[in-house]
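Written below as structure tokens is the structure these notes are about.
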Amino acid sequence: MQIVSKKIAALTAVAALGAASFAFAAEMQSIRHFHRGGVLMQVMTDSQKAQAKSIFQQARQSAKPVRQQLMETRKSLRAAIQSGNTDQINQLSATEGNELGQLMAVRSSAFSKVYQTLTADQKQKLSELEQARHQRHHGAAAKAS
């Protein structure tokens, strides 16, 4: 009975990890679109784009140790799953969530810095473009289902 509960706990952790990774990847895809040739770049001047590039490069550098630690945590989590160590699975899953949160904080801070460089007109235009993109995306999703 104990073996079955450990297997269920391990499978639950794997499923939760997969769902969290998928949600995180979807959010990152949205953010990448936002600043790489997406709507943000459409409203920025060349000097603002250069400044944004510098801000994002700094964010990437400051996030590098967290990304490296995240890779190690994921490697340890895979080993814990394979060994069936439920306590370690729970602890490492929580650690991974914290590390993902740290990455989001770095990225969000960078976006905030870039956003602050925009004029009021650019912020308005950006908002309009994002709303239109959101409507197109959700309209396509509604048609698909």
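The values are calculated or read from the model by the stated rules, or taken from the named source; none is laboratory data. Fair warning: this is a prediction, and the values are worked out from it, not measured in the lab. Backbone-built Cβ (ideal geometry, glycine too); neighbour counts: all protein chains shown.
Of a type outside the set (A, V, I, L, M) and either surrounded by 15 or more Cβ atoms within 10 Å (Cβ to Cβ) or more than 16 Å from the chain's Cα centre (by Cα) (or both): is that true of Gln124 in this structure?
Yes.
Checking the conditions here, which among Gln2, Gln29, Gln68 is modelled with pLDDT of 90 or more and not hydroxyl-bearing (Ser, Thr, Tyr)?
Going through Gln2, Gln29, Gln68 in turn, the sole match is Gln68.
Taking segment 64-78, which residues are within 11 Å of Leu103 (Cα to Cα) and of a type in the set (A, V, I, L, M, F, W, C)?
Val66, Leu70
Across segment 107-140, what is the total count of residues that are within 30 Å of Arg67 (Cβ to Cβ) and either in contact with a Cys (Cβ under 8 Å, 6 or more places away or on another chain) or modelled with pLDDT under 90 (or both)?
6
Being in a helix (DSSP H, G or I), surrounded by 12 or more Cβ atoms within 10 Å (Cβ to Cβ) and modelled with pLDDT of 95 or more: is that true of Ser21 here?
Spelling it out, it is not the case that Ser21 is in a helix (DSSP H, G or I), surrounded by 12 or more Cβ atoms within 10 Å (Cβ to Cβ) and modelled with pLDDT of 95 or more.
For a quick check of your reading of the model, give me the residue pairs whose first member lies in segment 55-68 and is within 17 Å of Gln116 (Cα to Cα), whose second is buried (at least 17 other Cβ atoms within 10 Å of the Cβ), with beta-carbon atoms closer than 6 Å and at least 6 apart or on different chains.
These pairs meet every condition: Ile55/Ala110; Ile55/Val114; Phe56/Ala110; Ala59/Val106; Ala59/Ala110.
Say we look at segment 70-111 and pick out the residues that are within 25 Å of Phe56 (Cα to Cα) and small (Gly, Ala, Ser); which of these is surrounded by the most Cβ atoms within 10 Å (Cβ to Cβ)?
Result: Ala110.
Filter segment 80-117 down to residues that are part of a helix (DSSP H, G or I) and among the hydroxyl-bearing types (Ser, Thr, Tyr) and give me whichever is nearest to Gln48 (Cα to Cα).
Only one residue fits best here, namely Tyr115.
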